[in-house]
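**Q** My questions all concern the structure below.
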Amino acid sequence: MMYRHVFILSGALDTIRQEVRRTPFLKETGGPMVGYVSTDEAVVVTHAAGPGPLGKRGYFSVLIDGRYATQFCNRAGQEFNGCFYYVGDWHCHRGWSLKPSHDDLKAMRVMAAYVGCPMKRPISLIYRYYPEEYRAYTLNSAGRLEPTPVSELAEVPYILHSRKLLK
Ligand SMILES: [Zn+2]
């Protein structure tokens with residue numbers, strides 16, 4: 001079954017905005033996203049990070065520092081009694097298109113196949129800074145990236161709202 005929706009918390013989206021803003025013009029950047037899947041099959045992204053100190057921001061791709069990403073996911077995951085975990089990656093496109101490239105698809109297939117990946121179907125969020133827009137894709141059982149509706153969420157649903165969750 002596909003996820004019905006992806007919700008991204010404003011704090012996580014702000015992290016993405018800041019990371020894109022401070023990346024040299026025309027270079028791509030990206031990083032891991034942490035969150036959870038709700039009982040009614042929506043993905044809630046609670047945290048996002050940049051590529052890390054050993055990550056490489058390139059003109060047509062971004063290489064994420066795996067060690068940093070794992071540490072980030074573990075740290076964010078512990079914040080709410082281990083309820084949060086890696087849900088996928090985000091990266092920016094510098095051109096107009098928000099469609100996943102062949103390399104984007106390959107990267108998500110590699111993540112889904114990784115034994116430590118808690119998500120059978122990780123999501124890929126593609127972000128464009130100006131004019132701002134973002135799209136989410138889910139790696140489906142056929143191994144393709146399928147568009148999934150995405151929207152910003154100002155606050156964590158009430159059950160998870162009792163602690164400081166952002167950043
Ligand atoms: Zn891409």
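**Q** In segment 1-23, which residues are in a loop (DSSP other than H, G, I, E, B), open to solvent by less than 70 Å² (accessible area, probe 1.4 Å) and more than 18 Å from Phe84 (Cα to Cα)?
**A** Once the filter is applied, which keeps residues that are in a loop (DSSP other than H, G, I, E, B), open to solvent by less than 70 Å² (accessible area, probe 1.4 Å) and more than 18 Å from Phe84 (Cα to Cα), segment 1-23 yields Met2, Thr23.
**Q** Continuing with the same structure: Of Gly88, Gly55, Gly77, which residue is over 26 Å from Val156 (Cβ atoms) and without any contact (Cβ under 8 Å) to a residue 60 or more places away in the chain?
**A** That would be Gly55, the only listed residue that is over 26 Å from Val156 (Cβ atoms) and without any contact (Cβ under 8 Å) to a residue 60 or more places away in the chain.
**Q** So, in segment 46-63, of the ones that are in a loop (DSSP other than H, G, I, E, B) and surrounded by fewer than 22 Cβ atoms within 10 Å (Cβ to Cβ), which residue ends up farthest from the ligand (Cβ to nearest atom)?
**A** Within segment 46-63, the match that is farthest from the ligand (Cβ to nearest atom) is Pro53.
**Q** So, Phe84, is that one out of contact with any helix residue (DSSP H, G or I) (no Cβ under 6 Å at 6 or more places or on another chain) and open to solvent by less than 30 Å² (accessible area, probe 1.4 Å) or not?
**A** no
**Q** What number of residues within segment 111-140 satisfy the criterion of being of a type in the set (D, E, K, R) and part of a strand (DSSP E or B)?
**A** Of the residues in that region, 3 qualify.
**Q** Restricting attention to segment 133-143, and to residues there that are among the hydroxyl-bearing types (Ser, Thr, Tyr) and surrounded by 13 or more Cβ atoms within 10 Å (Cβ to Cβ), which single residue is nearest to the ligand (Cβ to nearest atom)?
**A** Of everything passing the filter in segment 133-143, Tyr137 is nearest to the ligand (Cβ to nearest atom).
**Q** Here are some conditions: (1) touching a Ser or Thr at 6+ places or on another chain (Cβ under 8 Å); (2) among the acidic types (Asp, Glu); (3) open to solvent by less than 60 Å² (accessible area, probe 1.4 Å). Glu146 meets all but one. Which one does it not meet?
**A** (3)
**Q** Still on this model: Mind checking which residues of segment 35-52 are over 17 Å from Tyr86 (Cβ atoms) and in contact (Cβ under 8 Å) with a residue 24 or more places away in the chain?
**A** Scanning segment 35-52 gives Asp40, Glu41.
**Q** Could you identify the single residue in Asp104, Asp89 that is in a helix (DSSP H, G or I), within 14 Å of the ligand (Cβ to nearest atom), open to solvent by less than 50 Å² (accessible area, probe 1.4 Å) and closer than 19 Å to Val45 by Cβ?
**A** Asp104
**Q** Would you check if Tyr130 is without any contact (Cβ under 8 Å) to a residue 12 or more places away in the chain and either under 21 Å from Gly11 (Cα atoms) or surrounded by 15 or more Cβ atoms within 10 Å (Cβ to Cβ) (or both)?
**A** Against the criterion (without any contact (Cβ under 8 Å) to a residue 12 or more places away in the chain and either under 21 Å from Gly11 (Cα atoms) or surrounded by 15 or more Cβ atoms within 10 Å (Cβ to Cβ) (or both)), Tyr130 qualifies.
**Q** Are any residues in segment 64-78 touching a strand residue (DSSP E or B) at 6+ places or on another chain (Cβ under 8 Å) and open to solvent by 40 Å² or more (accessible area, probe 1.4 Å), and if so, which ones?
**A** Once the filter is applied, which keeps residues that are touching a strand residue (DSSP E or B) at 6+ places or on another chain (Cβ under 8 Å) and open to solvent by 40 Å² or more (accessible area, probe 1.4 Å), segment 64-78 yields only Ile64.
**Q** For a quick check of your reading of the model, give me the residue pairs whose first member lies in segment 1-21 and is within 18 Å of Thr39 (Cβ to Cβ), whose second is at pLDDT below 95 and among the charged types (D, E, K, R), with beta-carbon atoms closer than 6 Å and at least 6 apart or on different chains.
**A** From residues that are within 18 Å of Thr39 (Cβ to Cβ), the pairs are Tyr3/Glu41; Arg4/Glu41.
The values are calculated or read from the model by the stated rules, or taken from the named source; none is laboratory data. All figures in this text were calculated on a predicted structure; none of them were measured in a lab. Note that each Cβ is placed from the backbone with ideal geometry, even for glycine, and that neighbours are counted across all protein chains shown. Accessible surface areas use protein heavy atoms only, side chains included; no ligands, DNA or RNA. Shrake-Rupley method; radii C 1.70, N 1.55, O 1.52, S 1.80 Å.
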